[in-house]
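**Student:** Submitted below is the structure of interest, expressed as structure tokens.
The values are calculated or read from the model by the stated rules, or taken from the named source; none is laboratory data. This structure is a prediction, so every number in the text was calculated from the model and none was measured. The area values use the complete protein model at the heavy-atom level, side chains included, leaving out ligands, DNA and RNA. Shrake-Rupley method; radii C 1.70, N 1.55, O 1.52, S 1.80 Å.
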Amino acid sequence: RVAHPLIDLRVLGTRTVTVANAATVGLGWGMFTTFLLIPAMVQGNGPHGFGADPTVSGWFLLPAAIGELLAGPVANPLTRRSSGRTVFATGLGLASAALVALATVHHAPAQVLAGTFVLGLGAGLAIQSASVVVTQGVPADKVGMSTTVNTTVRRFAGGIGSQVSAVILATLVLGPGGEPARSGFVVSFAVAAALAAVGAGLALRMVPTRG
């Protein structure tokens, strides 16, 4: 109803922006869920945990930051050489594969570190390319709004994903002590992996091919 709204719903309703934001849900869910699950898992004393203290458990998230740091700078060149949707889908696919690995192969520290590193690579590619994709077909004066909303969607999805994973861990516990069971981590990672895979499929099928 106003000439210059803070959020122009007509722009957000375009096909490219809508699909990109929908795909971003899987990315945010997987990233923030991992930030919750990895420390909880490695601090556990059950068959799935390593009995790590809070400081050591934080180091298990470092590979994700390194992977994102390495992938971010190459995302834009890759987008120019191929397309925004391809890099976006590739990043989401890597994230999904990493989450599947974390759900099924987490019996040794090296396995967990490798999984978080691949997740970081996928996240770095997806975040940067998503910023490109959501500007396709958007007027120049709406670019900032479109990218900001995409970032907000990612963080909102991450918050919801973390809460859902926390509920799953609280529901699936070992004995009277209440320590999360391995099945809780498996289910939580699997849900995140499925959402990231759906996001990759959306990016490949519905986002325009040229970045």
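**Student:** Does region 1-134 come out rounded, prolate or oblate by the C-alpha gyration tensor, with a ≥ b ≥ c the root eigenvalues, rounded set by a/c under 1.5 and, if not, prolate when a/b is larger than b/c and oblate if not? Write down the numbers at each step before the final one.
**Tutor:** Working: a/c = 2.78, a/b = 1.96, b/c = 1.42.
Taking the square roots of the gyration eigenvalues as a ≥ b ≥ c, region 1-134 is prolate.
**Student:** Here is a follow-up. On a 1.4 Å probe surface of the protein chains, which of Asp141, Asp53, Asp8 comes out largest in accessible area, and what is the full order? All intermediate terms of the calculation are to be shown ahead of the outcome.
**Tutor:** Values: Asp141 120, Asp53 75, Asp8 10 Å².
These residues rank, largest area first, as Asp141, Asp53, Asp8.
**Student:** Now a separate question. What ranking of Thr18, Thr147 comes out by heavy-atom accessible area, probe 1.4 Å, highest first? Show your work: numbers first, answer last.
**Tutor:** On the way: Thr18 65, Thr147 35 Å².
So the residues, ranked largest to smallest area, are Thr18, Thr147.
**Student:** Still on this structure: Pull out a ≥ b ≥ c, the square roots of the eigenvalues of the alpha-carbon gyration tensor of region 70-211, then state rounded if a/c is under 1.5, prolate if not and a/b is larger than b/c, and oblate in the remaining case. Please list the in-between numbers first.
**Tutor:** On the way: a/c = 2.81, a/b = 1.90, b/c = 1.48.
Prolate, because a/c is 1.5 or more and a/b exceeds b/c.
**Student:** Give the angle, between 0 and 90 degrees and rounded to the nearest 10, that separates the Cα long axis of helix 84-104 from the longest principal axis of the Cα atoms of the chain.
**Tutor:** With both axes taken from Cα atoms, the answer is about 10 degrees.
**Student:** What accessible area per residue comes out for the chain, rounded to a whole number of Å², with a 1.4 Å probe? Each step should come with its number before you reach the end.
**Tutor:** Values: 9890 Å² over 211 residues.
Spelled out: the 1.4 Å probe surface of the chain, per residue, equals 47 Å².
**Student:** Same structure again: Quote the accessible area belonging to Met145 in square angstrom, nearest 10, computed with a 1.4 Å probe and with ligands, DNA and RNA left uncounted.
**Tutor:** For Met145, the solvent-accessible surface is approximately 30 Å².
**Student:** Let me ask something else about it. Based on DSSP H runs of at least 4 residues, each adding -39500 (n - 2.57), what is the mean residue ellipticity at 222 nm of the chain after dividing by all its residues, to the nearest 500 deg cm²/dmol? Let's see the in-between values first.
**Tutor:** Numbers: 8 runs with 158 residues, N = 211.
Rounded to the nearest 500, it is -25500 deg cm²/dmol.
**Student:** Follow-up question, since we're still on this one. When only Cα pairs under 8 Å and 6 or more residues apart are kept, what is the percent relative contact order across the chain?
**Tutor:** Working: 373 pairs, mean separation 80.9, N = 211.
Relative contact order for the chain comes out at 38 percent.
**Student:** Relative contact order of region 28-70, please, whole-number percent, based on alpha carbon pairs below 8 angstrom and at least 6 residues apart.
**Tutor:** So the answer I get is 28 percent.
**Student:** I've got another one for you. Students sometimes get this wrong: rank Phe156, Phe35 by accessible area, probe 1.4 Å, all chains present, largest first. If you can, show how the numbers build up before the last one.
**Tutor:** Values: Phe156 145, Phe35 90 Å².
Solvent-accessible surface, decreasing: Phe156, Phe35.
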